[in-house]
Amino acid sequence: MLNRVPAAMIETLVAPAPAPLYVELARSIEQLISQGTLRPGHRLPSVRRMSLQRDVSISTVLQAYTLLENRGCIEARPQSGYYVRPRLPSAPEPRMARPMAKPSYVGVKDLTAELIALSVDPNYVPLGSACPDSSLFPTKKLARILAAVGRNDPAMLGRYAMNWAFDPLAREIARRYLQSGCPIGHDELVVTVGCAEALNLSLRAVTKPGDTVAVETPAYFGFLETIQSLNLRVLEIPTDPRTGLCLDATRAALAQNDVKALLVMPSYQNPLGSCMPDAKKEELYQLLAEFDVPAIEDDIYGDLHFGDRRPKPLKAWDTDGRVLLCSSFGKTLAPSLRVGWCAPGRYLERVRRLKFTNTLGTPIVLQKTVSDFLRNGGYDHHLRSIRRAYHHQVHLFSQAMLRHFPEGTRFSRPEGGFILWVELPHGIDTLVLQQEALKHRINTAPGPLFSVKDRYRSCLRMSCGMPWTDTIDRALQTIGELAKRQLQG
(Lines give C-alpha, C1' and ligand atoms only; values in the text may rest on other atoms or scores of the structure.)
Protein backbone atom coordinates (compact mmCIF):
# COMPACT_ATOMS: atom_id res chain seq x y z
CA MET A 1 0.00 0.00 0.00
CA LEU A 2 1.46 3.37 -1.02
CA ASN A 3 1.41 6.05 1.68
CA ARG A 4 -0.41 9.16 0.53
CA VAL A 5 -0.69 12.53 2.21
CA PRO A 6 -4.10 14.29 2.16
CA ALA A 7 -4.38 16.88 -0.61
CA ALA A 8 -5.31 19.65 1.81
CA MET A 9 -2.13 19.02 3.78
CA ILE A 10 -0.04 19.08 0.61
CA GLU A 11 -1.53 22.41 -0.44
CA THR A 12 -0.75 23.83 2.98
CA LEU A 13 2.81 22.59 2.97
CA VAL A 14 3.66 23.61 -0.59
CA ALA A 15 1.93 26.98 -0.72
CA PRO A 16 4.46 29.34 -2.31
CA ALA A 17 6.06 31.80 0.10
CA PRO A 18 6.30 35.47 -0.87
CA ALA A 19 9.42 36.20 -2.90
CA PRO A 20 12.28 37.80 -0.92
CA LEU A 21 12.56 41.58 -1.22
CA TYR A 22 15.78 41.41 -3.26
CA VAL A 23 14.06 39.12 -5.80
CA GLU A 24 11.19 41.60 -6.19
CA LEU A 25 13.69 44.43 -6.68
CA ALA A 26 15.63 42.41 -9.27
CA ARG A 27 12.39 41.63 -11.14
CA SER A 28 11.41 45.29 -11.32
CA ILE A 29 14.85 46.27 -12.68
CA GLU A 30 14.79 43.36 -15.14
CA GLN A 31 11.39 44.52 -16.36
CA LEU A 32 12.75 48.02 -16.99
CA ILE A 33 15.58 46.46 -19.00
CA SER A 34 13.24 44.26 -21.08
CA GLN A 35 10.94 47.25 -21.76
CA GLY A 36 13.90 49.30 -22.99
CA THR A 37 13.65 51.89 -20.23
CA LEU A 38 17.13 50.85 -19.17
CA ARG A 39 19.16 50.27 -22.32
CA PRO A 40 22.45 48.43 -22.92
CA GLY A 41 25.32 50.49 -21.50
CA HIS A 42 23.02 52.44 -19.16
CA ARG A 43 24.54 52.95 -15.70
CA LEU A 44 22.33 51.82 -12.83
CA PRO A 45 22.00 53.93 -9.69
CA SER A 46 24.72 53.26 -7.14
CA VAL A 47 23.94 50.75 -4.40
CA ARG A 48 23.45 53.55 -1.87
CA ARG A 49 21.27 55.64 -4.18
CA MET A 50 19.10 52.64 -5.13
CA SER A 51 18.75 51.87 -1.42
CA LEU A 52 17.39 55.38 -0.80
CA GLN A 53 15.19 55.39 -3.93
CA ARG A 54 13.50 52.08 -3.11
CA ASP A 55 13.60 52.42 0.68
CA VAL A 56 15.41 49.10 1.13
CA SER A 57 18.66 48.12 2.80
CA ILE A 58 22.04 48.24 1.06
CA SER A 59 22.25 44.46 1.56
CA THR A 60 18.97 44.01 -0.37
CA VAL A 61 20.27 46.10 -3.29
CA LEU A 62 23.56 44.17 -3.37
CA GLN A 63 21.68 40.86 -3.46
CA ALA A 64 19.42 42.14 -6.26
CA TYR A 65 22.37 43.40 -8.31
CA THR A 66 24.21 40.10 -7.79
CA LEU A 67 21.15 38.17 -8.97
CA LEU A 68 20.87 40.34 -12.09
CA GLU A 69 24.59 39.92 -12.71
CA ASN A 70 24.26 36.13 -12.49
CA ARG A 71 21.37 36.27 -14.95
CA GLY A 72 23.52 38.20 -17.40
CA CYS A 73 21.36 41.33 -17.26
CA ILE A 74 23.94 43.70 -15.79
CA GLU A 75 27.70 43.79 -15.27
CA ALA A 76 29.92 45.33 -12.61
CA ARG A 77 32.73 47.60 -13.82
CA PRO A 78 35.60 48.27 -11.39
CA GLN A 79 35.55 51.73 -9.83
CA SER A 80 32.53 52.62 -11.97
CA GLY A 81 29.40 50.78 -10.87
CA TYR A 82 26.78 48.53 -12.44
CA TYR A 83 25.74 48.77 -16.10
CA VAL A 84 23.11 47.13 -18.28
CA ARG A 85 24.98 44.45 -20.18
CA PRO A 86 24.98 44.65 -24.00
CA ARG A 87 23.01 41.71 -25.37
CA LEU A 88 24.65 39.57 -28.02
CA PRO A 89 22.25 38.05 -30.55
CA SER A 90 20.95 34.73 -29.23
CA ALA A 91 21.57 31.53 -31.14
CA PRO A 92 18.67 29.42 -32.40
CA GLU A 93 17.93 26.23 -30.50
CA PRO A 94 18.92 22.79 -31.83
CA ARG A 95 16.46 20.94 -34.04
CA MET A 96 14.44 17.96 -32.85
CA ALA A 97 15.47 14.55 -34.22
CA ARG A 98 13.32 12.29 -36.38
CA PRO A 99 11.55 9.27 -34.82
CA MET A 100 13.44 5.98 -34.79
CA ALA A 101 12.00 3.32 -37.10
CA LYS A 102 12.50 0.31 -34.81
CA PRO A 103 14.24 -0.67 -31.57
CA SER A 104 17.96 -1.41 -31.64
CA TYR A 105 20.56 -2.96 -29.38
CA VAL A 106 23.24 -0.63 -28.06
CA GLY A 107 26.70 -1.05 -29.54
CA VAL A 108 29.69 -0.70 -27.22
CA LYS A 109 31.45 2.66 -27.71
CA ASP A 110 35.07 2.82 -26.61
CA LEU A 111 34.86 6.61 -26.74
CA THR A 112 32.69 6.60 -23.59
CA ALA A 113 35.45 5.04 -21.50
CA GLU A 114 37.97 7.52 -22.94
CA LEU A 115 35.74 10.47 -22.12
CA ILE A 116 35.27 9.32 -18.52
CA ALA A 117 39.00 8.66 -18.03
CA LEU A 118 40.00 12.08 -19.35
CA SER A 119 37.33 13.85 -17.28
CA VAL A 120 39.41 13.31 -14.12
CA ASP A 121 42.76 14.09 -15.76
CA PRO A 122 43.81 17.56 -14.55
CA ASN A 123 45.88 18.05 -17.71
CA TYR A 124 42.71 18.33 -19.83
CA VAL A 125 40.01 21.01 -19.91
CA PRO A 126 36.87 18.92 -19.16
CA LEU A 127 34.29 20.46 -21.51
CA GLY A 128 32.62 17.12 -22.20
CA SER A 129 32.11 15.66 -18.75
CA ALA A 130 29.00 16.44 -16.67
CA CYS A 131 31.10 16.53 -13.50
CA PRO A 132 30.86 19.80 -11.55
CA ASP A 133 34.03 21.36 -10.19
CA SER A 134 34.77 20.37 -6.58
CA SER A 135 35.04 24.06 -5.57
CA LEU A 136 31.25 24.33 -5.94
CA PHE A 137 30.60 21.87 -3.11
CA PRO A 138 30.81 22.41 0.69
CA THR A 139 33.59 19.84 0.99
CA LYS A 140 35.18 21.21 4.18
CA LYS A 141 31.88 21.23 6.06
CA LEU A 142 31.08 17.72 4.83
CA ALA A 143 34.54 16.53 5.89
CA ARG A 144 33.96 17.87 9.40
CA ILE A 145 30.57 16.15 9.61
CA LEU A 146 31.99 12.88 8.28
CA ALA A 147 34.78 12.99 10.87
CA ALA A 148 32.28 13.71 13.64
CA VAL A 149 30.07 10.81 12.56
CA GLY A 150 33.01 8.41 12.77
CA ARG A 151 34.25 9.90 16.04
CA ASN A 152 30.86 9.79 17.78
CA ASP A 153 30.01 6.24 16.70
CA PRO A 154 33.17 4.40 15.56
CA ALA A 155 31.36 1.05 15.77
CA MET A 156 29.31 2.19 12.77
CA LEU A 157 32.39 1.57 10.61
CA GLY A 158 32.34 -2.07 11.65
CA ARG A 159 28.71 -2.78 10.77
CA TYR A 160 27.22 -3.85 7.45
CA ALA A 161 24.55 -1.56 6.01
CA MET A 162 21.82 -4.21 6.10
CA ASN A 163 18.87 -1.89 5.58
CA TRP A 164 16.99 -0.18 2.75
CA ALA A 165 17.57 3.36 4.00
CA PHE A 166 18.91 5.24 7.02
CA ASP A 167 15.65 6.46 8.50
CA PRO A 168 16.60 10.11 9.22
CA LEU A 169 17.95 10.51 5.68
CA ALA A 170 14.86 8.93 4.13
CA ARG A 171 12.65 11.32 6.12
CA GLU A 172 14.68 14.33 4.94
CA ILE A 173 14.40 13.25 1.29
CA ALA A 174 10.65 12.60 1.64
CA ARG A 175 10.14 15.98 3.34
CA ARG A 176 11.88 17.81 0.51
CA TYR A 177 9.78 16.07 -2.13
CA LEU A 178 6.62 16.90 -0.19
CA GLN A 179 7.60 20.58 -0.28
CA SER A 180 7.88 20.38 -4.07
CA GLY A 181 4.38 18.91 -4.42
CA CYS A 182 5.37 15.24 -4.66
CA PRO A 183 4.25 13.25 -1.60
CA ILE A 184 6.44 10.18 -1.02
CA GLY A 185 6.48 8.16 2.20
CA HIS A 186 9.93 7.80 3.74
CA ASP A 187 9.34 4.03 3.91
CA GLU A 188 8.86 3.96 0.11
CA LEU A 189 12.51 4.88 -0.47
CA VAL A 190 15.53 2.69 -1.15
CA VAL A 191 18.84 4.48 -0.66
CA THR A 192 21.34 3.47 -3.35
CA VAL A 193 24.98 3.88 -4.31
CA GLY A 194 24.38 6.97 -6.44
CA CYS A 195 21.70 7.58 -9.03
CA ALA A 196 23.36 5.09 -11.39
CA GLU A 197 22.51 2.17 -9.10
CA ALA A 198 18.96 3.45 -8.66
CA LEU A 199 18.48 3.48 -12.44
CA ASN A 200 20.11 0.07 -12.84
CA LEU A 201 17.89 -1.51 -10.18
CA SER A 202 14.79 0.11 -11.68
CA LEU A 203 15.53 -1.16 -15.17
CA ARG A 204 16.13 -4.66 -13.84
CA ALA A 205 12.88 -4.50 -11.85
CA VAL A 206 10.68 -3.85 -14.89
CA THR A 207 12.48 -5.58 -17.79
CA LYS A 208 14.23 -8.78 -18.83
CA PRO A 209 16.96 -9.27 -21.48
CA GLY A 210 15.67 -8.61 -24.99
CA ASP A 211 12.95 -6.17 -23.89
CA THR A 212 12.58 -2.70 -25.41
CA VAL A 213 13.10 0.49 -23.39
CA ALA A 214 12.02 3.87 -24.83
CA VAL A 215 14.35 6.81 -24.18
CA GLU A 216 14.56 10.47 -25.09
CA THR A 217 16.91 11.33 -27.92
CA PRO A 218 19.59 12.54 -27.67
CA ALA A 219 20.02 10.34 -24.59
CA TYR A 220 22.59 10.47 -21.80
CA PHE A 221 25.25 7.95 -22.79
CA GLY A 222 25.25 6.49 -19.26
CA PHE A 223 21.65 5.35 -19.88
CA LEU A 224 22.72 3.67 -23.10
CA GLU A 225 25.66 1.93 -21.43
CA THR A 226 23.40 0.61 -18.65
CA ILE A 227 20.80 -0.59 -21.14
CA GLN A 228 23.53 -2.32 -23.15
CA SER A 229 24.86 -4.07 -20.03
CA LEU A 230 21.38 -5.51 -19.40
CA ASN A 231 21.02 -6.72 -23.01
CA LEU A 232 17.99 -4.52 -23.64
CA ARG A 233 16.95 -2.79 -26.84
CA VAL A 234 16.49 0.96 -27.21
CA LEU A 235 13.76 2.91 -28.97
CA GLU A 236 14.70 6.60 -29.28
CA ILE A 237 11.90 9.17 -29.11
CA PRO A 238 12.34 12.74 -30.42
CA THR A 239 12.72 15.36 -27.70
CA ASP A 240 12.23 19.11 -27.92
CA PRO A 241 15.17 21.13 -26.52
CA ARG A 242 12.80 23.31 -24.52
CA THR A 243 9.73 21.24 -23.55
CA GLY A 244 11.06 17.70 -23.54
CA LEU A 245 9.68 14.44 -24.88
CA CYS A 246 7.46 14.67 -27.98
CA LEU A 247 4.17 13.14 -26.83
CA ASP A 248 2.84 12.45 -30.34
CA ALA A 249 5.96 10.44 -31.10
CA THR A 250 5.68 8.74 -27.69
CA ARG A 251 2.11 7.66 -28.40
CA ALA A 252 3.12 6.28 -31.79
CA ALA A 253 6.09 4.43 -30.25
CA LEU A 254 3.95 2.82 -27.55
CA ALA A 255 1.22 1.87 -30.04
CA GLN A 256 3.60 0.31 -32.56
CA ASN A 257 6.12 -1.41 -30.27
CA ASP A 258 6.09 -3.67 -27.22
CA VAL A 259 7.76 -1.12 -24.94
CA LYS A 260 8.36 -2.40 -21.43
CA ALA A 261 9.53 0.87 -19.84
CA LEU A 262 10.15 4.54 -20.56
CA LEU A 263 13.40 6.02 -19.22
CA VAL A 264 12.88 9.76 -18.99
CA MET A 265 14.47 12.90 -17.51
CA PRO A 266 11.66 15.51 -17.40
CA SER A 267 13.62 18.18 -15.48
CA TYR A 268 16.70 19.61 -17.28
CA GLN A 269 17.38 16.59 -19.44
CA ASN A 270 20.95 15.53 -20.11
CA PRO A 271 22.13 16.53 -22.71
CA LEU A 272 19.39 18.86 -24.02
CA GLY A 273 18.57 20.73 -20.80
CA SER A 274 14.84 20.60 -21.63
CA CYS A 275 12.22 20.88 -18.88
CA MET A 276 8.77 19.41 -19.44
CA PRO A 277 5.90 21.72 -18.42
CA ASP A 278 3.52 20.43 -15.75
CA ALA A 279 0.63 19.99 -18.19
CA LYS A 280 2.84 17.90 -20.44
CA LYS A 281 4.00 15.73 -17.52
CA GLU A 282 0.40 15.08 -16.58
CA GLU A 283 -0.43 14.15 -20.17
CA LEU A 284 2.61 11.85 -20.32
CA TYR A 285 1.49 10.09 -17.16
CA GLN A 286 -1.99 9.55 -18.63
CA LEU A 287 -0.36 8.13 -21.76
CA LEU A 288 1.70 5.70 -19.69
CA ALA A 289 -1.41 4.60 -17.81
CA GLU A 290 -3.30 4.11 -21.08
CA PHE A 291 -0.62 1.73 -22.41
CA ASP A 292 0.21 0.31 -18.95
CA VAL A 293 3.92 1.17 -19.21
CA PRO A 294 6.12 2.02 -16.20
CA ALA A 295 8.37 5.08 -16.27
CA ILE A 296 11.85 5.31 -14.76
CA GLU A 297 12.39 8.97 -13.92
CA ASP A 298 15.86 10.45 -13.46
CA ASP A 299 15.40 13.58 -11.33
CA ILE A 300 19.06 14.29 -10.61
CA TYR A 301 18.96 17.87 -11.96
CA GLY A 302 15.55 18.79 -10.46
CA ASP A 303 16.98 20.90 -7.61
CA LEU A 304 19.12 22.98 -10.01
CA HIS A 305 16.39 25.28 -11.32
CA PHE A 306 17.32 28.86 -12.22
CA GLY A 307 13.82 30.18 -11.53
CA ASP A 308 12.03 30.61 -8.22
CA ARG A 309 10.34 27.20 -8.06
CA ARG A 310 11.51 23.65 -8.39
CA PRO A 311 9.79 21.72 -11.21
CA LYS A 312 7.56 18.91 -10.00
CA PRO A 313 8.78 15.42 -10.83
CA LEU A 314 6.62 13.21 -13.05
CA LYS A 315 6.17 11.13 -9.88
CA ALA A 316 3.89 13.90 -8.54
CA TRP A 317 1.13 12.65 -10.87
CA ASP A 318 1.67 8.98 -10.03
CA THR A 319 -1.51 7.49 -8.57
CA ASP A 320 -0.84 3.80 -9.12
CA GLY A 321 2.90 3.42 -8.45
CA ARG A 322 4.09 3.04 -12.05
CA VAL A 323 6.79 5.77 -11.80
CA LEU A 324 10.15 4.72 -10.36
CA LEU A 325 11.75 7.99 -9.23
CA CYS A 326 15.59 8.02 -9.11
CA SER A 327 18.01 10.72 -8.01
CA SER A 328 21.08 11.49 -5.91
CA PHE A 329 23.13 14.27 -4.31
CA GLY A 330 25.82 13.90 -6.98
CA LYS A 331 25.15 17.18 -8.79
CA THR A 332 24.15 19.26 -5.78
CA LEU A 333 26.17 18.26 -2.72
CA ALA A 334 28.76 15.47 -2.80
CA PRO A 335 29.53 13.36 -5.89
CA SER A 336 32.10 11.17 -4.14
CA LEU A 337 29.78 10.12 -1.30
CA ARG A 338 27.65 8.28 -3.88
CA VAL A 339 24.35 8.63 -1.99
CA GLY A 340 21.29 8.25 -4.20
CA TRP A 341 17.79 6.89 -3.87
CA CYS A 342 14.87 5.28 -5.63
CA ALA A 343 11.15 5.61 -4.92
CA PRO A 344 9.97 2.60 -6.95
CA GLY A 345 6.24 2.68 -6.22
CA ARG A 346 4.57 -0.67 -6.88
CA TYR A 347 8.00 -2.22 -7.61
CA LEU A 348 9.33 -1.56 -4.09
CA GLU A 349 9.78 -5.17 -3.00
CA ARG A 350 11.39 -6.10 -6.31
CA VAL A 351 13.89 -3.23 -6.08
CA ARG A 352 14.66 -4.10 -2.46
CA ARG A 353 15.54 -7.69 -3.42
CA LEU A 354 17.72 -6.48 -6.28
CA LYS A 355 19.44 -3.98 -3.99
CA PHE A 356 20.24 -6.76 -1.53
CA THR A 357 21.84 -8.94 -4.20
CA ASN A 358 23.61 -5.96 -5.79
CA THR A 359 25.35 -4.14 -2.91
CA LEU A 360 23.56 -5.32 0.28
CA GLY A 361 23.13 -1.72 1.39
CA THR A 362 24.54 1.79 1.15
CA PRO A 363 27.15 2.61 3.82
CA ILE A 364 25.40 4.06 6.88
CA VAL A 365 28.32 6.38 7.70
CA LEU A 366 27.82 8.13 4.34
CA GLN A 367 24.04 8.26 4.70
CA LYS A 368 24.34 9.78 8.19
CA THR A 369 26.86 12.35 6.95
CA VAL A 370 24.43 13.55 4.28
CA SER A 371 21.49 13.40 6.69
CA ASP A 372 23.32 15.54 9.26
CA PHE A 373 24.22 18.08 6.58
CA LEU A 374 20.61 18.29 5.37
CA ARG A 375 19.40 18.94 8.90
CA ASN A 376 22.17 21.21 10.20
CA GLY A 377 24.50 22.22 7.38
CA GLY A 378 22.52 24.87 5.54
CA TYR A 379 21.59 22.77 2.49
CA ASP A 380 19.04 25.26 1.16
CA HIS A 381 21.55 28.10 1.40
CA HIS A 382 24.09 25.94 -0.44
CA LEU A 383 21.54 25.09 -3.14
CA ARG A 384 20.83 28.76 -3.78
CA SER A 385 24.55 29.39 -4.11
CA ILE A 386 25.24 26.52 -6.50
CA ARG A 387 22.21 27.40 -8.64
CA ARG A 388 23.53 30.94 -9.03
CA ALA A 389 26.94 29.56 -9.97
CA TYR A 390 25.56 27.17 -12.58
CA HIS A 391 23.29 29.85 -14.03
CA HIS A 392 26.14 32.30 -14.32
CA GLN A 393 28.43 29.70 -15.88
CA VAL A 394 25.81 28.64 -18.46
CA HIS A 395 25.42 32.30 -19.42
CA LEU A 396 29.18 32.83 -19.80
CA PHE A 397 29.62 29.65 -21.86
CA SER A 398 26.72 30.67 -24.12
CA GLN A 399 28.14 34.14 -24.71
CA ALA A 400 31.60 32.71 -25.42
CA MET A 401 30.18 30.29 -27.99
CA LEU A 402 28.42 33.16 -29.73
CA ARG A 403 31.78 34.91 -29.97
CA HIS A 404 33.94 31.96 -30.97
CA PHE A 405 31.87 29.31 -32.76
CA PRO A 406 31.01 29.31 -36.50
CA GLU A 407 28.03 31.27 -37.76
CA GLY A 408 24.96 29.05 -37.86
CA THR A 409 25.76 27.29 -34.56
CA ARG A 410 22.70 26.39 -32.50
CA PHE A 411 22.60 25.61 -28.79
CA SER A 412 20.04 24.97 -26.10
CA ARG A 413 18.86 27.53 -23.53
CA PRO A 414 18.17 25.53 -20.38
CA GLU A 415 16.39 26.94 -17.34
CA GLY A 416 18.33 24.72 -14.97
CA GLY A 417 21.29 22.36 -14.65
CA PHE A 418 24.66 23.06 -16.26
CA ILE A 419 24.53 21.25 -19.62
CA LEU A 420 24.32 22.76 -23.11
CA TRP A 421 23.57 20.84 -26.32
CA VAL A 422 25.37 22.38 -29.28
CA GLU A 423 24.50 21.83 -32.94
CA LEU A 424 27.31 23.00 -35.22
CA PRO A 425 26.79 23.81 -38.92
CA HIS A 426 26.45 20.96 -41.41
CA GLY A 427 29.85 19.75 -42.55
CA ILE A 428 31.44 19.65 -39.10
CA ASP A 429 32.15 16.18 -37.70
CA THR A 430 32.42 16.31 -33.91
CA LEU A 431 34.18 12.93 -33.80
CA VAL A 432 37.00 14.49 -35.85
CA LEU A 433 36.71 17.64 -33.75
CA GLN A 434 37.12 15.60 -30.58
CA GLN A 435 40.36 14.03 -31.77
CA GLU A 436 41.73 17.40 -32.85
CA ALA A 437 40.73 18.99 -29.53
CA LEU A 438 42.58 16.29 -27.58
CA LYS A 439 45.82 17.49 -29.19
CA HIS A 440 45.15 20.80 -27.42
CA ARG A 441 44.35 19.06 -24.12
CA ILE A 442 40.62 19.71 -24.42
CA ASN A 443 38.14 16.91 -23.70
CA THR A 444 34.78 17.12 -25.53
CA ALA A 445 31.68 14.90 -25.79
CA PRO A 446 30.75 14.35 -29.47
CA GLY A 447 27.11 13.86 -30.44
CA PRO A 448 27.24 10.21 -31.60
CA LEU A 449 27.80 9.18 -27.96
CA PHE A 450 24.19 10.14 -27.26
CA SER A 451 22.43 7.77 -29.68
CA VAL A 452 22.45 4.08 -30.55
CA LYS A 453 22.51 5.07 -34.22
CA ASP A 454 25.06 7.19 -36.06
CA ARG A 455 23.22 10.41 -35.22
CA TYR A 456 24.27 13.88 -34.13
CA ARG A 457 27.61 13.91 -35.97
CA SER A 458 27.54 17.71 -35.96
CA CYS A 459 26.53 18.00 -32.29
CA LEU A 460 28.34 18.00 -28.97
CA ARG A 461 27.46 18.25 -25.31
CA MET A 462 29.02 21.14 -23.41
CA SER A 463 29.44 20.95 -19.64
CA CYS A 464 29.33 24.30 -17.80
CA GLY A 465 30.15 22.74 -14.44
CA MET A 466 33.46 24.60 -14.00
CA PRO A 467 33.83 28.18 -12.74
CA TRP A 468 34.73 30.54 -15.59
CA THR A 469 38.43 31.12 -16.25
CA ASP A 470 40.62 32.41 -19.08
CA THR A 471 41.62 28.79 -19.69
CA ILE A 472 38.02 27.85 -20.45
CA ASP A 473 37.58 30.87 -22.71
CA ARG A 474 40.72 29.91 -24.65
CA ALA A 475 39.52 26.30 -24.88
CA LEU A 476 36.19 27.40 -26.36
CA GLN A 477 38.02 29.68 -28.78
CA THR A 478 40.18 26.72 -29.85
CA ILE A 479 37.11 24.53 -30.39
CA GLY A 480 35.59 27.28 -32.51
CA GLU A 481 38.74 27.64 -34.60
CA LEU A 482 38.99 23.87 -35.15
CA ALA A 483 35.32 23.77 -36.23
CA LYS A 484 35.82 26.66 -38.66
CA ARG A 485 38.82 24.87 -40.19
CA GLN A 486 36.63 21.86 -40.96
CA LEU A 487 34.20 24.11 -42.81
CA GLN A 488 37.03 25.71 -44.79
CA GLY A 489 38.71 22.40 -45.61
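Just to be sure I understand the model, the point goes 7 Å from the Cα along the line to the Cβ. What's the resulting Arg144 to Glu283 distance in nm?
5.0 nm
Could you state the number of Å between the C-alpha centres of the stretch 191-250 and the stretch 385-416?
So the two Cα centres are separated by 27 Å.
Going by average Cβ density within 10 Å per residue, which order do the peptides 336-343, 268-275 take, highest to lowest?
Averaged packing, sorted descending, gives the order 268-275, 336-343.
In a Debye calculation with equal point scatterers on the alpha-carbon sites of the stretch 352-450 and no solvent, what is log10 I(q)/I(0) at q = 0.12, 0.21 Å⁻¹?
One equal scatterer on each Cα of the stretch 352-450 leads to -0.70, -1.07.
For Tyr105 and Asn257 in one chain, what is 0.36 nm times their gap in residues minus the Cα-Cα distance, to one decimal in nm?
Working: separation 152, 0.36 × 152 = 54.72 nm, distance 1.46 nm.
Between Tyr105 and Asn257, full extension yields an extra 53.3 nm.
Sorted by accessible area (1.4 Å probe), largest first, how do Leu360, Leu262, Leu52 line up?
In descending accessible area the options line up as Leu52, Leu360, Leu262.
Straight-line reach from Lys331: which lysines have Cα under 24 Å away, leaving out those fewer than 8 places along the same chain?
Lys140, Lys141, Lys281, Lys312, Lys315, Lys355, Lys368
Determine, for each peptide in 166-177, 374-385, 477-488, the mean count of other beta carbons within 10 angstrom over its residues, then list the peptides with the highest first.
166-177, 477-488, 374-385
Taking all protein chains in place and a 1.4 Å probe, what share, in percent, of the accessible surface of the chain do carbon and sulfur account for?
Reported share for carbon and sulfur atoms: 52 percent.
Take Glu407 and Glu75, extend 7 Å from each Cα along the Cα→Cβ direction, and tell me the distance between the two endpoints in nm.
In this crude label model, Glu407 to Glu75 measures out at 2.3 nm.
Would you list the P(r) distribution for the stretch 20-69, with all Cα-Cα distances sorted into 10 Å bins from 0 and each bin expressed as a whole %?
28, 59, 13
Show the residues, 5+ positions off or on another chain, whose built amide H is closer than 5 Å to the amide H of Ile74.
For Ile74, whose amide H was placed from the backbone, the distant partners under 5 Å are Glu69, Arg85.
So, for the chain, what is the accessible surface per residue at a probe of 1.4 Å, expressed in square angstrom?
Working: 21660 Å² over 489 residues.
Per residue, the chain has 44 Å² of solvent-accessible surface.
Between Leu487 and Ile58, take the C-beta separation as r, use R0 = 35 Å, and let me know the FRET efficiency to the nearest 0.05.
For R0 = 35 Å, the calculated efficiency reads 0.10.
I'd like the antiparallel share, as a percent to the nearest 5, of DSSP beta bridges with both residues in the chain.
The antiparallel proportion sits near 60 percent.
What is the dipole size for the stretch 20-83, taken about its Cα centre, with +1 at each Lys and Arg Cβ and -1 at each Asp and Glu Cβ, in debye to the nearest 20?
So the magnitude is around 180 debye.
Place a +1 charge on the Cβ of each Lys and Arg in the chain and a -1 charge on the Cβ of each Asp and Glu, then give the dipole magnitude about the Cα centre in debye, rounded to the nearest 20.
Roughly 860 debye, rounded to the nearest 20.
Beyond 14 Å, what share of the Cα-Cα pairs of the stretch 423-485 remains, rounded to the nearest whole percent? Don't jump to the answer; show the numbers that get you there.
Numbers: 1084 of 1953 pairs.
Of all Cα-Cα pairs in the stretch 423-485, 56 percent lie more than 14 Å apart.
Could you give the Stokes-Einstein D for the stretch 126-265 in µm² per second, using the C-alpha Kirkwood radius, 25 °C, 0.890 mPa s? Before the final figure, lay out each step's value.
Working: Rh = 18.5 Å.
For these conditions, the coefficient is 132 µm²/s.
For the charge dipole of the stretch 410-488, defined by +1 on Lys and Arg C-beta atoms and -1 on Asp and Glu C-beta atoms about the Cα centroid, which residue among Pro446, Ser463, Thr478 has the Cα displaced farthest towards the positive pole?
Pro446
I'm checking a number: the convex hull volume of the Cα atoms of the stretch 294-397, normalised per residue, in Å³. What is it?
Per-residue hull volume (Cα only) is 131 Å³.
How many angstrom lie between the Cα centre of the stretch 462-482 and the Cα centre of the stretch 31-87?
Taking the Cα centre of each part, the stretch 462-482 and the stretch 31-87 sit 27 Å apart.
With N residues in the chain, what two-decimal value do you get for its Cα radius of gyration over 2.2 N^0.38 Å?
That ratio works out to 1.00.
Which order do the peptides 191-198, 150-157 come out in when sorted by mean C-beta neighbours inside 10 angstrom, highest first? Numbers along the way, then the final one.
On the way: 191-198: 24.5, 150-157: 10.6.
Sorting 191-198, 150-157 by mean packing, highest first, produces 191-198, 150-157.
Per residue of the chain, what 222 nm ellipticity follows from adding -39500 (n - 2.57) for every DSSP H run with n ≥ 4, rounded to the nearest 500?
Result for the chain: -13500 deg cm²/dmol, rounded to the nearest 500.
If the cut-off is a Cα-Cα distance under 17 Å, which lysines reach Lys484, setting aside same-chain residues fewer than 8 apart in sequence?
Within the straight-line cut-off, Lys484 pairs with Lys439.
Tell me the relative contact order for the chain as a rounded percent, counting alpha carbon contacts under 8 Å between residues six or more apart.
Answer for the chain is 21 percent.
For the stretch 417-466, what does the relative contact order come out to in percent, with C-alpha contacts under 8 Å and a separation of six or more?
Reported as a whole number, the value is 49 percent.
Using the basic label-point model (7 angstrom from Cα toward the beta carbon), what is the Thr243 to Arg49 distance in nanometres?
It is 4.4 nm.
The values are calculated or read from the model by the stated rules, or taken from the named source; none is laboratory data. The structure displayed is predicted, hence computed values, not measured ones. All Cβ positions, even for glycine, are placed from backbone atoms using ideal geometry, and neighbour counts span all protein chains on display. These accessible areas exclude ligands, DNA and RNA; they are computed on the full protein's heavy atoms, side chains included. Shrake-Rupley method; radii C 1.70, N 1.55, O 1.52, S 1.80 Å.
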